[in-house]
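**Q** The following block contains the structure, expressed as structure tokens.
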Amino acid sequence: LDRPRALSGIQPTAGSFHLGNYLGAIRQYVALQETHDAFYTVVDLHAITVPQDPAELRANSRLAAAQLLASGLDPDRCTLFIQSHVPEHAQLGWVMNCLTGFGEASRMTQFKDKSAKHGADRATVGLFTYPILQVADILLYQANHVPVGEDQRQHIELTRDLADRFNGRFGEIFTVPEPYIVKETGKIYDLQDPTIKMSKSASTPKGIVSLLDEPKASAKKIKSAVTDLETEIRFDEEKKPGVSNLLTIYSTLTGTAIAELERRYEGKGYGALKTDLSEVLVEWVTPFRERTQEYLGDPAMLDGILAKGADKARAVAAETLAATYDKVGF
Ligand code: ADP
Ligand code: NA
């Protein structure tokens, strides 16, 4: 019971998670169940920062939960829930909004990127303030560690600043969290443009491996990944970003050290590496897709897991919110 706490949230909006989500974040969720008191949430409140079809959103939230379970989250060893089932997130979010400077929020690069994409005039206030809701997501559970990809580092920094600010101004109640970013997989790159991260918003269909796609289609994407004009299979992120990305994916999915892969493929061409990696990927996604379908095929079980998760989460969140309200003067 003296385990450190972990909290992470993941958006349900894409339908299928992609390989970057899995290697950068979800794999760590699974590992931290063993060492942490871990809370994982499907962040549907974050999803509506951009327009959503209601029926699709509801279905995608369940689909996200099914994929997390299929990835290896065990409801007996972690707390898995849907964010909107725990109203304390929005409630603490408001308090945190009132603690954040407008200029401070304006410096969040994810907002700049995302609002540029949606058109600055059409971006919602919710999109602007979503990093602050994320602060509340983390602080509610007194999380010590937040497993995320590299792109989230700035938001965890904001969380630390706001926790410190609240503690300093009103009295110590919040744990100041640290990001938990695995260096090797903190950033998985687009298969067609290995200088940008694989992402549901920025990648073209050929550049992103969606975990629920036909395995054959994903294998094809690996085989047509952009590399370089040399032939040597060597890890060098600067000079050989495409090959290095493939080596990272291969190494992580199989648990083989990159140096060992470099040795194994010495004198062999990129074709051999890609063919083998595409097989590794097919072997991984095939059972993943089956397990996801099993969870979706048993709605009563899935709902039961999520209801129990929300109860466990609320017990912790309500306690933090009550302490916060008391300090604030409510
Ligand atoms: P996306 O960036 O595709 O919109 P999300 O923002 O929903 O995906 O990210 C969910 C989690 O996956 C976050 O912890 C994020 O840091 C991580 N993540 C997303 N893309 C990548 C990537 N290409 N490499 C590593 N981690 C990633
Ligand atoms: Na992201």
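The values are calculated or read from the model by the stated rules, or taken from the named source; none is laboratory data. Predicted model, so just to flag it, every value in this text is computed and none were measured. Here Cβ is always computed from backbone atoms with ideal geometry, including for glycine, and neighbour counts include all displayed protein chains. For the accessible areas, the whole protein counts, side chains as well, though only heavy atoms, and no ligand, DNA or RNA atoms are used. Shrake-Rupley method; radii C 1.70, N 1.55, O 1.52, S 1.80 Å.
**Q** Within the bounds of region 309-320, is there any residue that is under 30 Å from Glu230 (Cβ atoms), acidic (Asp, Glu) and exposed (fewer than 14 other Cβ atoms within 10 Å of the Cβ)?
**A** Checking region 309-320: not a single residue is under 30 Å from Glu230 (Cβ atoms), acidic (Asp, Glu) and exposed (fewer than 14 other Cβ atoms within 10 Å of the Cβ).
**Q** Could you please find all residues in region 22-45 being among the charged types (D, E, K, R) and either more than 25 Å from Gly93 (Cβ to Cβ) or not in a helix (DSSP H, G or I) (or both)?
**A** Residues satisfying the conditions are Arg27, Glu34, Asp37.
**Q** Hey, any hits in region 46-54 for a residue that's touching a strand residue (DSSP E or B) at 6+ places or on another chain (Cβ under 9 Å), assigned to a helix (DSSP H, G or I), within 16 Å of ligand 2 (Cβ to nearest atom) and modelled with pLDDT of 95 or more?
**A** yes
**Q** Mind listing whichever residues of region 49-100 are under 22 Å from Tyr130 (Cβ atoms) and charged (D, E, K, R)?
**A** Hits for region 49-100 are Asp53, Glu56, Arg58, Arg62, Glu88.
**Q** Could you list all residues from region 147-197 that are part of a helix (DSSP H, G or I), surrounded by 15 or more Cβ atoms within 10 Å (Cβ to Cβ), within 16 Å of ligand 1 (Cβ to nearest atom) and over 16 Å from the mean Cα position of the chain (by Cα)?
**A** Leu158, Thr159
**Q** Checking the structure you have, find out if any residue of region 31-38 is away from ligand 2 (no atom under 16 Å from the Cβ), over 18 Å from Val125 (Cα atoms) and among the polar types (S, T, N, Q).
**A** yes
**Q** I've got another one for you. Being farther than 26 Å from Arg5 by Cβ and not in a loop (DSSP other than H, G, I, E, B) narrows it down to one of Lys200, Lys216, so name that one.
**A** Lys216
**Q** Given the criteria among the charged types (D, E, K, R) and out of contact with any Leu (no Cβ under 9 Å at 6 or more places or on another chain), does Asp76 qualify?
**A** The answer is yes for Asp76.
**Q** State whether the residues of region 102-112 include one that is part of a loop (DSSP other than H, G, I, E, B) and either open to solvent by 60 Å² or more (accessible area, probe 1.4 Å) or free of Cβ contacts under 8 Å to residues at least 40 places away in the same chain (or both).
**A** There is at least one residue in region 102-112 that is part of a loop (DSSP other than H, G, I, E, B) and either open to solvent by 60 Å² or more (accessible area, probe 1.4 Å) or free of Cβ contacts under 8 Å to residues at least 40 places away in the same chain (or both).
**Q** To continue, here is another question. Do we have any residue at all in region 292-306 that's touching a His at 6+ places or on another chain (Cβ under 9 Å) and under 20 Å from Ser8 (Cα atoms)?
**A** Taking every residue of region 292-306 in turn, at least one turns out to be touching a His at 6+ places or on another chain (Cβ under 9 Å) and under 20 Å from Ser8 (Cα atoms).
**Q** Okay, moving on. Return a yes/no flag: does region 199-214 have any residue that is basic (Lys, Arg), closer than 28 Å to Gln11 by Cα and within 16 Å of ligand 2 (Cβ to nearest atom).
**A** Checked against the condition, which is being basic (Lys, Arg), closer than 28 Å to Gln11 by Cα and within 16 Å of ligand 2 (Cβ to nearest atom), region 199-214 yields at least one hit.
**Q** Now, a different point. Applying the selection to region 18-38, what residues are over 13 Å from the mean Cα position of the chain (by Cα) and open to solvent by less than 10 Å² (accessible area, probe 1.4 Å)?
**A** The answer is Leu32, Gln33, Ala38.
**Q** Then there is this: Any idea which residue in region 203-213 is most open to solvent (accessible area, probe 1.4 Å), counting only those that are farther than 22 Å from Thr292 by Cα and not in a helix (DSSP H, G or I)?
**A** Step by step, filter region 203-213, then rank; the result is Thr204.
**Q** Since Gly72 meets every condition but one in (1) under 26 Å from Gly255 (Cβ atoms); (2) within 16 Å of ligand 2 (Cβ to nearest atom), which condition does it not meet?
**A** (2)
**Q** Follow-up. Out of region 124-137, which residues are surrounded by 17 or more Cβ atoms within 10 Å (Cβ to Cβ) and away from ligand 2 (no atom under 15 Å from the Cβ)?
**A** Correct list: Phe128, Thr129, Ile132, Val135, Ala136.
For (1) in a loop (DSSP other than H, G, I, E, B); (2) closer than 26 Å to Asn21 by Cα; (3) touching a Pro at 6+ places or on another chain (Cβ under 7 Å); (4) open to solvent by 10 Å² or more (accessible area, probe 1.4 Å), each residue gets a yes or a no:
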{"site": "Ala59", "(1), (2), (3), (4)": "no, yes, no, yes"}
{"site": "Arg62", "(1), (2), (3), (4)": "no, yes, no, yes"}
{"site": "Gln67", "(1), (2), (3), (4)": "no, yes, no, no"}
{"site": "Phe81", "(1), (2), (3), (4)": "no, yes, no, no"}
{"site": "Ala90", "(1), (2), (3), (4)": "no, yes, no, yes"}
{"site": "Gly93", "(1), (2), (3), (4)": "no, yes, no, no"}
{"site": "Thr100", "(1), (2), (3), (4)": "yes, no, no, yes"}
{"site": "Arg122", "(1), (2), (3), (4)": "yes, no, no, yes"}
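**Q** Pick from region 141-169 the residues that are of a type in the set (Gly, Ala, Ser) and in contact (Cβ under 8 Å) with a residue 60 or more places away in the chain: which of them is nearest to ligand 2 (Cβ to nearest atom)?
**A** Checking each candidate, the answer is Gly149.
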